[in-house]
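Visitor: Can you read through this structure? Questions will come right after.
The values are calculated or read from the model by the stated rules, or taken from the named source; none is laboratory data. No experiment lies behind these values; they were computed from the predicted model shown. Neighbour counts run over all protein chains shown; Cβ positions are idealised from the backbone, glycine included. Accessible surface is based on the protein model in full, side chains and every heavy atom, while ligands, DNA and RNA are left aside. Shrake-Rupley method; radii C 1.70, N 1.55, O 1.52, S 1.80 Å.
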Amino acid sequence: RFPRLHHSNVEIRTAFLDRAVTRCANKHADKPIRLISLGAGYDVRSIKLKERKIIDEAYELDLPSVVEAKKRILHSRRFQKRRPGVPLPTTFPVDLNEVDRVETILLEILADNSYYTVFLFEAVMIYLDEGVPRALLKLCSDVLETTKSSGSLCFADRLENVPGGDETTGRSELATLGWRVIEWLP
């Protein structure tokens, strides 16, 4: 039902993000790695990366209805039969448009600053209210600073104020939000 281009785009994003998270984990192997996916949807990346021992902890924030539906799938007999004992992520039902609630959750997660934290955004920004994508990217940077934690951002999404994915504008925009671009692959 979807054109092949859509599937190819998802495959490219998946490979890019899996590789990016793995590189972060390998670069910071002296610390346990925690992955925080904002708007994870039905993605099972955190499960896959925990099974492969690339990350140590996984947290997912998404709409309450999505979190509940995903839990039903992950706890289903069929899923558990296919992947017995699979390490499930810790989930937080929250509308990402409610930035203050997201901040409270992130501060709770990052209270233990002994972890290296990887924030992950994949194709969620188009669903958020105007201004919220920038606020969330800034929030993630600020929370790392507030909790004296170390971390990275793995991002495969659109940036507000960056028409057409322009690299120079994107680097500048991310810098104003507290992030330095290591790899740019529009």
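Visitor: Take the residues in the stretch 6-50 that are among the acidic types (D, E) and open to solvent by less than 80 Å² (accessible area, probe 1.4 Å); name whichever of them is modelled with the lowest pLDDT. Write out each step before concluding.
Guide: Step one: list which residues in the stretch 6-50 are among the acidic types (D, E), which gives 11, 18, 30, 43.
Narrowing the set further to residues that are open to solvent by less than 80 Å² (accessible area, probe 1.4 Å) leaves 18, 43.
On the way: D18: 94, D43: 91.
Applying the filter and picking the extreme gives D43.
Visitor: Just a yes or no: is a residue in the stretch 139-146 open to solvent by 30 Å² or more (accessible area, probe 1.4 Å), at pLDDT below 95 and touching a helix residue (DSSP H, G or I) at 6+ places or on another chain (Cβ under 8 Å)? Walk me through how you get there before you give the answer.
Guide: Step one: list which residues in the stretch 139-146 are open to solvent by 30 Å² or more (accessible area, probe 1.4 Å), which gives 142, 145-146.
Pick out the ones that are also at pLDDT below 95 and you get none.
No.
Visitor: Could I ask something else about it? Could you tell me whether L144 is under 24 Å from Y116 (Cβ atoms), touching a Gly at 6+ places or on another chain (Cβ under 7 Å) and in a helix (DSSP H, G or I)? First the steps, then the outcome.
Guide: Working: under 24 Å from Y116 (Cβ atoms): yes; touching a Gly at 6+ places or on another chain (Cβ under 7 Å): yes; in a helix (DSSP H, G or I): yes.
Yes.
Visitor: Another question, then. Is there a residue being within 22 Å of H28 (Cβ to Cβ), in a helix (DSSP H, G or I) and hydrophobic (A, V, I, L, M, F, W, C) anywhere in the stretch 117-139? Full working, then the answer.
Guide: Taking the stretch 117-139 first, the residues within 22 Å of H28 (Cβ to Cβ) are 117-122, 137, 139.
Checking the rest, the ones that are also in a helix (DSSP H, G or I) come to 137, 139.
Subsequent filtering for residues that are hydrophobic (A, V, I, L, M, F, W, C) retains 137, 139.
There is at least one residue in the stretch 117-139 that is within 22 Å of H28 (Cβ to Cβ), in a helix (DSSP H, G or I) and hydrophobic (A, V, I, L, M, F, W, C).
Visitor: Being at pLDDT below 95, open to solvent by less than 40 Å² (accessible area, probe 1.4 Å), farther than 16 Å from A58 by Cα and over 16 Å from the mean Cα position of the chain (by Cα) is the requirement here; does G170 meet it? Give the steps one after another, and end with the answer.
Guide: Values: at pLDDT below 95: yes; open to solvent by less than 40 Å² (accessible area, probe 1.4 Å): yes; farther than 16 Å from A58 by Cα: yes; over 16 Å from the mean Cα position of the chain (by Cα): yes.
When the stated conditions are applied, G170 passes them.
Visitor: Residues of the stretch 157-172 being touching a residue at least 24 places away in the same chain (Cβ under 8 Å) and either in a helix (DSSP H, G or I) or basic (K, R) (or both), which ones?
Guide: So the first thing to find is which residues in the stretch 157-172 are touching a residue at least 24 places away in the same chain (Cβ under 8 Å), and the list is 157-161.
Matches in the stretch 157-172: R158 only.
Visitor: Name the residue that is nearest to Y116 (Cα to Cα), counting only residues in the stretch 147-156 that are without any contact (Cβ under 8 Å) to a residue 40 or more places away in the chain and buried (at least 19 other Cβ atoms within 10 Å of the Cβ). Write out each step before concluding.
Guide: So in the stretch 147-156, the residues without any contact (Cβ under 8 Å) to a residue 40 or more places away in the chain come out as 148-149, 151, 153, 155.
If we keep only those that are buried (at least 19 other Cβ atoms within 10 Å of the Cβ) as well, we get 149, 151, 153, 155.
Details: S149: 7, G151: 5, L153: 11, F155: 17 Å.
Per the criteria, the residue is G151.
Visitor: Please list, ordered by first then second residue, the pairs with beta carbon atoms under 7 Å, 6 or more apart or interchain, first in the stretch 51-76 and part of a loop (DSSP other than H, G, I, E, B), second open to solvent by 20 Å² or more (accessible area, probe 1.4 Å) and among the polar types (S, T, N, Q).
Guide: Once the first residue is part of a loop (DSSP other than H, G, I, E, B) and sits in the stretch 51-76, its partners that are open to solvent by 20 Å² or more (accessible area, probe 1.4 Å) and among the polar types (S, T, N, Q) give I54/T22.
Visitor: Which condition from (1) exposed (fewer than 15 other Cβ atoms within 10 Å of the Cβ); (2) of a type in the set (A, V, I, L, M); (3) within 14 Å of L174 (Cα to Cα) is the one that L107 breaks?
Guide: (3)
Visitor: I'd like the full set of residues that are of a type in the set (D, E, K, R) and within 26 Å of D43 (Cα to Cα), limited to the stretch 153-168.
Guide: Kept after step one, since they are of a type in the set (D, E, K, R), are these residues of the stretch 153-168: 157-158, 160, 166-167.
Residues satisfying the conditions are D157, R158, E160.
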